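Structure record follows, encoded as structure tokens.
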Amino acid sequence: MISAVMPTYGRWDVAVDRGEGPYLWATDGRKFLDFTSGIGVTGLGHCHPHLVGAVTDQAKRLWHTSNLFRIPGQERLAQRLVDSTFADTVFFGNSGAEACELALKIARKYQSETGHPERWRIVACEGSFHGRTLATLAAAGNEAYLKGFGPAMDGFDHVAFGNLNEMRAAIGKETAAIFVEPIQGEGGVRAPPVGYLKGLREIADEFGLLLVYDEVQCGMGRTGKLFAHEWEEVPPDVMAIAKALGGGFPIGACLATERAATGMVAGTHGSTFGGNPLAVAAGNAVLDVMLAPGFLQRVDTMSKLLWGRLEALVRSYPRLFAEPRGSGLLLGIRCIVPAADFVSKLRQNGVLALTAGENVLRILPPLIVGEGEIDEALTVMHKVAAEWPT
Ligand SMILES: *Cc1c(COP(=O)(O)O)cnc(C)c1O
């Protein structure tokens with residue numbers, strides 16, 4: 001008999017009860033060090049006091065209206081994102097997939113509004129992940145996720161991630177935009193070669209395309225900058241964000257320059273829940289913490305520390321691990337042994353981690369992680385590695 005909850009997930013045998021900072025407790029009393037962060041969502045750890053305060057205060061005042069009203073918290077969050085990024089304008093939705101969908105819509109609309117309705121195709125990358133709606137599945141082109149849901153939506157071309165020659169060759173008369181994750185998360189925690197984003201920017205500008213980033217996973221402080229592309233100082237025209245934006249409250253956003261958002265006038269897009277007072281209270285509280293002086297610097301410091309420890313682990317067990325990967329606190333280890341088995345052993349020893357494509361063990365610690373917790377995780381990783389059957 002089918003379970004009451006539609007069985008679309010392979011779930012762990014952990015029934016969650018409560019969380020505090022980097023720790024999570026199960027209903028049976030087990031305590032875990034959570035280096036999954038709700039898949040990159042609880043960037044400030046579980047139940048961060050400032051977020052709890054902001055959301056409870058807002059819950060007592062007003063939860064939801066609709067976007068027929070002006071929502072002061074939404075205006076404030078949009079302004080703060082504009083002030084902190086390349087963007088001039090922000091649309092709020094509820095998830096990463098929705099943010100990506102809008103980014104794709106904006107790309108088509110821009111071309112149509114500026115005299116190129118024939119430009120409607122998007123070039124995206126192999127190994128990417130953009131969500132589970134029909135358009136975002138087609139954008140990523142992952143056969144496993146598309147199977148049985150076909151035919152895939154038309155309008156997407158795919159090239160190898162990190163390869164500028166392939167990208168250039170894929171641009172045609174009908175191309176509207178380039179759509180990439182500055183660091184691939186689900187696809188295997190893959191950072192592109194240095195200079196890749198700059199090359200994409202040049203191609204986009206040369207051919208009159210929009211450059212669209214999906215920073216749903218790599219954004220919001222994860223790499224030690226507010227957004228991953230800031231490391232290369234190559235701004236996009238449009239960017240999708242979500243995951244850590246609400247610190248655990250569902251909210252996503254699509255950011256755009258004024259030029260790219262040409263045509264996004266009243267009536268062109270909408271969302272019932274998007275940017276409601278409760279969601280933006282969470283978003284503003286997250287920014288309060290992340291934009292405070294020293295926060296991102298600390299993320300950078302901790303990520304370098306963790307990277308060093310992962311490198312040492314990989315070196316110690318060349319039979320088990322191939323290489324450390326990623327950037328900031330979006331880290332992984334490409335494994336030789338099955339990554340999923342290693343993750344499951346870690347879980348049995350109280351440390352929660354994830355997998356990603358290419359047999360990668362993925363770790364997404366909360367951004368508030370400290371050296372003590374990094375040591376704790378690494379001690380367990382060494383133990384599991386040392387006990388691995390030969
Ligand atoms: C998680 C993710 C998405 C999809 O976000 P949802 O909130 O699950 O819809 C899109 N892009 C990237 C890069 C992601 O990591």
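Before moving on, here are some points about what is shown:
- Any hit, region 69-80, residues being basic (Lys, Arg), part of a helix (DSSP H, G or I) and not assigned by TED's automatic domain parsing to the domain that holds Ile251: no
- Pick from region 10-22, criterion within 20 Å of Ile363 (Cβ to Cβ) and out of contact with any Gly (no Cβ under 8 Å at 6 or more places or on another chain), ranking: most open to solvent (accessible area, probe 1.4 Å): Arg11
- Annotation note: Cβ proximity below 9 Å between a residue of region 113-136 that is in the same structural domain as Ala160 (by TED's automatic domain parsing) and a residue that is open to solvent by less than 10 Å² (accessible area, probe 1.4 Å) and of a type in the set (Ser, Thr, Tyr) (sequence gap 6+ or interchain) occurs for Arg119/Thr175; Trp120/Thr175; Arg121/Thr175; Ile122/Thr175; Val123/Thr175; Phe129/Thr136; His130/Thr136.
- Filtered residues of region 40-68 (kept if of a type outside the set (A, V, I, L, M, F, W, C) and either surrounded by 14 or more Cβ atoms within 10 Å (Cβ to Cβ) or in contact with a Gly (Cβ under 8 Å, 6 or more places away or on another chain) (or both)): Gly40, Thr42, Gly43, Gly45, His46, His48, His50, Gln58, Asn67
- Just one of the listed residues (Ala386, Ala356) is small (Gly, Ala, Ser) and either assigned by TED's automatic domain parsing to the domain that holds Met302 or closer than 16 Å to Ile39 by Cβ (or both), and it is Ala356.
- Any hit, region 80-96, residues being more than 22 Å from Leu210 (Cα to Cα) and more than 16 Å from the ligand (Cβ to nearest atom): yes
- The residues on offer are Lys147, Lys109, and the sole one that is over 19 Å from Ser271 (Cα atoms) and away from the ligand (no atom under 16 Å from the Cβ) is Lys147.
- Restricting attention to region 299-350, the residues that are farther than 15 Å from Trp388 by Cβ and among the polar types (S, T, N, Q) add up to 3.
- Across region 81-106, the number of residues qualifying as of a type outside the set (Lys, Arg) and in a helix (DSSP H, G or I) comes to 14.
- Selected residue (criterion: least open to solvent (accessible area, probe 1.4 Å)) from residues of region 345-390 that are more than 22 Å from the chain's Cα centre (by Cα) and of a type in the set (Ser, Thr, Tyr): Thr379
- Checked against the criterion of being among the aliphatic types (A, V, I, L, M), more than 16 Å from the ligand (Cβ to nearest atom), without any contact (Cβ under 8 Å) to a residue 60 or more places away in the chain and farther than 24 Å from Asn284 by Cβ, region 19-40 has at least one qualifying residue.
- Identification of helices (runs of 4 or more DSSP H) wholly contained in region 276-361 with 2 or more residues that are among the small types (Gly, Ala, Ser) and in contact (Cβ under 8 Å) with a residue 24 or more places away in the chain yields 277-290, 295-316.
- Residue-level check: of (1) open to solvent by less than 40 Å² (accessible area, probe 1.4 Å); (2) not assigned by TED's automatic domain parsing to the domain that holds Glu230, Asn276 misses just (2).
The values are calculated or read from the model by the stated rules, or taken from the named source; none is laboratory data. If you're wondering where the values come from, they're calculated on a predicted model, not measured in any experiment. Note: ideal-geometry Cβ built from the backbone for every residue, glycine included; neighbour counts use all protein chains shown. With ligands, DNA and RNA removed, areas are computed over all heavy atoms of the protein, side chains included. Shrake-Rupley method; radii C 1.70, N 1.55, O 1.52, S 1.80 Å.
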